[in-house]
1. Counting only residues that are over 17 Å from residue 48 (Cβ atoms) and modelled with pLDDT of 75 or more, how many does region 7-35 have?
2. Just to be sure, is residue 68 closer than 21 Å to residue 81 by Cβ, touching a strand residue (DSSP E or B) at 6+ places or on another chain (Cβ under 7 Å) and in a helix (DSSP H, G or I)?
3. Please state which one of 97, 103 is touching a strand residue (DSSP E or B) at 6+ places or on another chain (Cβ under 6 Å), closer than 30 Å to residue 8 by Cα and modelled with pLDDT under 95.
4. What are the residues in region 51-64 that are part of a helix (DSSP H, G or I) and either within 9 Å of the chain's Cα centre (by Cα) or crowded, with 16+ Cβ neighbours inside 10 Å (or both), if any?
5. Give me a count of the residues in region 6-42 that are surrounded by fewer than 10 Cβ atoms within 10 Å (Cβ to Cβ) and part of a loop (DSSP other than H, G, I, E, B).
6. Output the number of residues of region 26-56 satisfying the condition of being in contact with a helix residue (DSSP H, G or I) (Cβ under 9 Å, 6 or more places away or on another chain) and farther than 17 Å from residue 68 by Cβ.
């Protein structure tokens, strides 16, 4: 779903903070730190976002997509301990996550635990 044309630019309002909630800043920081440490590449991260099911993708906020992609990559690379979500955020959002109702299109292997 991600990377498709026709959705227009991400709106940015002058003077508005870049993050709407603290958890968004933590997800962004964690994603960047893990990329810098070599846990996954930018291409892998983008691919994980693009594997989110279209209906789920459209229902998620920008950083909910980041969190879902992060959870997927950490689970696939066996870097996610247990079966919980990152900081518990994904389940609280009411969206399926890698650890819960899968939102990732494909074989569902990561979603199954």
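1. Matching residues across region 7-35 total 17.
2. yes
3. When all the criteria are applied, what remains is 103.
4. 56, 57, 62, 63, 64, listed by residue number.
5. 14
6. Summing the residues that are in contact with a helix residue (DSSP H, G or I) (Cβ under 9 Å, 6 or more places away or on another chain) and farther than 17 Å from residue 68 by Cβ in region 26-56 gives 1.
The values are calculated or read from the model by the stated rules, or taken from the named source; none is laboratory data. Quick caveat, the model's predicted, so the values are computed rather than measured. Neighbour counts run over all protein chains shown; Cβ positions are idealised from the backbone, glycine included.
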